[in-house]
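K.L.:
My structure is below; once you've seen it, I'll send some questions.
Nothing in this text is a laboratory measurement; each read-out follows from the coordinates by a stated rule. Quantities reported herein were computed from a predicted structural model and do not represent experimental measurements. Using ideal geometry, Cβ is built from the backbone for each residue, glycine included, and neighbour counts are taken over all protein chains shown.
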Amino acid sequence: MTLSVGSDFLGYETSYYSVRPRRGVGVKVVFTGADVTKDGVTTPQPRSIAPLFQLPRNSRFVRLIYLIRVSDADHNMALAAADRIETLEALTRQVKADPVNGCKTSGRAYCSWIPEGIAVRAER
């Protein structure tokens, strides 16, 4: 398979985050590094060009919601977080039931769409 990009393609970034336990209950997502690849050369970066996990301080539970439309290639991803698991479950149901209007941030819950052109992939 051969892939090609337009002449305006500059490169790409790979950012790394760790999910760590939060004191008491829940988790936090911590930036651990980034690499930018341009013209076949990869260079470490101190921060991400597009930081994704800037969550409110009261977020203790985090979930990626992956919504498939027609196929795996036609999808959206939302980042959801909440202070309680019950609040996260309710937010998840809301986003799945009404993706256009359901991804909303309130005092106890946070929701944001992953920008187009960016993929989030969980790894071990």
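K.L.:
Check which residues have an amide H placed less than 5 Å from residue 105's amide H, if you skip close sequence neighbours.
P.N.:
When sequence neighbours closer than 5 places are left aside, the close amide H contacts are 111.
K.L.:
Go through segment 107-115 residue by residue and turn each phi into a ³J(HN,Hα) via Karplus (6.51, -1.76, 1.60, θ = phi - 60°); whole Hz please, and just put x for glycine and proline.
P.N.:
Values, residue by residue: x, 10, 9, 10, 8, 8, 7, 5, x Hz.
K.L.:
Follow-up. Taking the Cα centre of the chain as the origin, how large is its charge dipole in debye, to the nearest 20, when only Lys and Arg (+1) and Asp and Glu (-1) carry charge on their Cβ atoms?
P.N.:
820
K.L.:
Which of rounded, prolate, oblate describes segment 13-73, given a ≥ b ≥ c as roots of the alpha-carbon gyration tensor eigenvalues and a/c under 1.5 marking rounded, otherwise prolate only if a/b is larger than b/c?
P.N.:
Since a/c reaches 1.5 but b/c is at least a/b, the shape of segment 13-73 is classed as oblate.
K.L.:
What is the order of 8, 98, fewest Cβ neighbours within 10 Å to most?
P.N.:
In increasing order of surrounding Cβ atoms, one gets 8, 98.
K.L.:
Also, quick follow-up: Which ³J(HN,Hα) values, rounded to whole Hz and listed in residue order, are derived for segment 51-62 from phi using the Karplus coefficients 6.51, -1.76 and 1.60 in 6.51 cos²θ - 1.76 cosθ + 1.60 with θ = phi - 60°, glycine and proline given as x?
P.N.:
x, 9, 10, 8, 8, x, 4, 7, 6, 10, 10, 10
K.L.:
Here is a further query. Take the chain, drop everything but the C-alpha atoms, weight them equally and run the Debye formula without solvent; then report log10 I(q)/I(0) at 0.09, 0.13 Å⁻¹ to two decimals.
P.N.:
After summing over all Cα pairs, the log10 values are -0.31, -0.63.
K.L.:
Here is a follow-up. Expressed as a rounded percentage, what relative contact order does segment 12-113 have, with Cα pairs under 8 Å and six or more residues apart? Present the calculation step by step, with values, prior to reporting the outcome.
P.N.:
Values: 176 pairs, mean separation 19.4, N = 102.
About 19 percent, as a whole number.
K.L.:
Moving on. Kindly express, to the nearest 10 degrees and within the range 0 to 90, the angle between helix 85-97's C-alpha long axis and the longest C-alpha principal axis of the chain.
P.N.:
Once rounded, one gets 60 degrees.
K.L.:
Residues with amide H under 5 Å of residue 33's amide H, sequence separation 5 or more or different chain, H placed in the peptide plane at 1.01 Å from N; which?
P.N.:
16
K.L.:
Moving on. Which whole-Hz ³J(HN,Hα) couplings does segment 14-31 yield from phi under the Karplus relation 6.51 cos²θ - 1.76 cosθ + 1.60, θ = phi - 60°, glycine and proline marked x?
P.N.:
10, 10, 10, 10, 10, 9, 10, x, 9, 4, x, 8, x, 9, 9, 10, 10, 5
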